[in-house]
Amino acid sequence: MDSSASTLILCPPLNLKTTPREKGVLVFNTSLLDKQSNLPTQFLWPHEDIAYAAQDELKDPPINLNGFFNGDQEAINIATKQIKIACLNHGFFQVINHGVDASLIRATHEQMDAFFKLPVSEKLAIRRKPGGLCGYSGAHAHRFSSKLPWKETFSFTHEHANGHGIDVVNHIKSVLGKEFEQAGGVYQKYCEAMKNLSLVILEMLALSLGVDRLYYREFFEDGSSIMRGNNYPPCKEAGLTLGTGPHSDPNSLTILHQDQVGGLEIFSENKWQAVKPRSDAFVVNIGDTFMV
């Protein structure tokens with residue numbers, strides 16, 4: 001899931017005399033942002049990385065999953081063919097009529113926005129540990145010292161084998177406190193919805209590859225997933241940095257919901273193409289593991 005908040009600004013300033021360090025990691029301090037006359041050098045990206053902004057939009061039509069849920073074989077065949085073409089070309093496609101309630105999507109965005117508006121000290125208290133999967137990360141400063149992404153993330157895991165459990169609720173309460181139990185409940189429902197949607201997509205991928213319809217569903221249904229909210233604050237010198245640099249996902253399957261700010265681009269036909277946000281759609285991309 002992707003969440004952007006236009007009112008939240010985070011930055012790790014370079015002035016170490018006024019910016020605390022904890023075990024060598026820069027600590028973000030929003031109150032110092034206005035004191036920076038230039039973009040901190042850690043956020044500067046090479047010209048070749050940012051010079052080729054997308055001029056075109058990806059024109060692939062969204063894939064309608066309504067036929068899958070209704071058992072319409074003709075519609076399933078059409079959707080399967082679309083998925084196969086998209087995966088062969090670039091590995092991305094959008095799905096609509098996916099069965100996920102719009103109110104749940106909105107509530108999850110709202111809860112993520114509320115988290116990112118917490119004081120820096122509260123977010124840093126649950127900072128993701130090196131090598132860990134869960135917690136808060138500001139610009140991935142714990143991992144890199146240059147070419148930092150202009151973003152912050154909040155991540156946690158969901159164990160599919162728990163069925164309709166409360167593993168996410170319990171985790172959120174344990175790290176953020178009982179007052180975040182409602183947020184945990186929203187995240188739990190969203191994770192369950194994403195699990196169910198991922199299994200549908202895996203069935204469609206199996207059909208597109210000509211294997212048994214349940215082959216990938218049965219393989220992945222007792223696995224686990226990572227839920228991640230991304231926040232990309234406004235930047236005064238946005239032309240010098242990136243929210244997320246060029247990359248491929250290492251996992252099997254990523255399901256992303258964009259807010260209406262946009263910014264997602266994919267490399268296809270030897271150029272970067274923008275994926276226009278749709279509130280009613282999820283962006284799906286095939287990760288390195290599934291490609292292998």
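Summarised in one figure, the compactness ratio Rg/Rh of the stretch 136-232, Cα atoms and Kirkwood Rh, is 1.08. Our compactness index for the chain, the C-alpha radius of gyration over the empirical 2.2 N^0.38 Å, is 1.04.
For the chain, modelled as a GNM whose springs connect Cα atoms under 10 angstrom apart, the maximal fluctuation among ALA183, ALA281, ALA102 occurs at ALA102. Between SER279 and SER145, the FRET efficiency from the beta-carbon distance, with R0 = 30 Å, is close to 0.20. Phi-derived couplings, Karplus 6.51 cos²θ - 1.76 cosθ + 1.60 at θ = phi - 60°, listed residue by residue for the stretch 261-273: 6, x, x, 5, 10, 10, 9, 8, 6, 6, 7, 7, 10 Hz, with x used for Gly and Pro. Across the stretch 175-292, the fraction of Cα-Cα pairs farther apart than 21 Å, rounded to a whole number, is 52%. If every alpha-carbon in the stretch 152-200 counts as one equal scatterer, what log10 I(q)/I(0) does Debye give at q = 0.16, 0.26 1/Å? After summing over all Cα pairs, the log10 values are -0.43, -0.97. Just tell me, in residue order, which DSSP H segments of the chain are both 20 angstrom or longer along the helix axis (alpha-carbon based) and at least -0.5 in mean Kyte-Doolittle hydropathy. Qualifying helices, which must be both long enough and hydrophobic enough, are 73-89, 102-116, 181-209.
Translational diffusion of the stretch 86-194 was estimated from the Stokes-Einstein equation, with Rh taken as the Kirkwood radius over Cα pairs; at 20 °C and 1.002 mPa s the coefficient is 136 µm²/s. Pairs from the table (LYS81/LYS189; LYS59/LYS195; LYS117/LYS151; LYS84/LYS276; LYS151/LYS236; LYS59/LYS81) lying more than 19 angstrom apart at Cα are LYS81/LYS189; LYS59/LYS195; LYS84/LYS276.
No lab work stands behind these numbers, since they all come straight from the coordinates. Nothing here was measured: the structure is a model prediction, and the numbers come from that model. Using ideal geometry, Cβ is built from the backbone for each residue, glycine included, and neighbour counts are taken over all protein chains shown.
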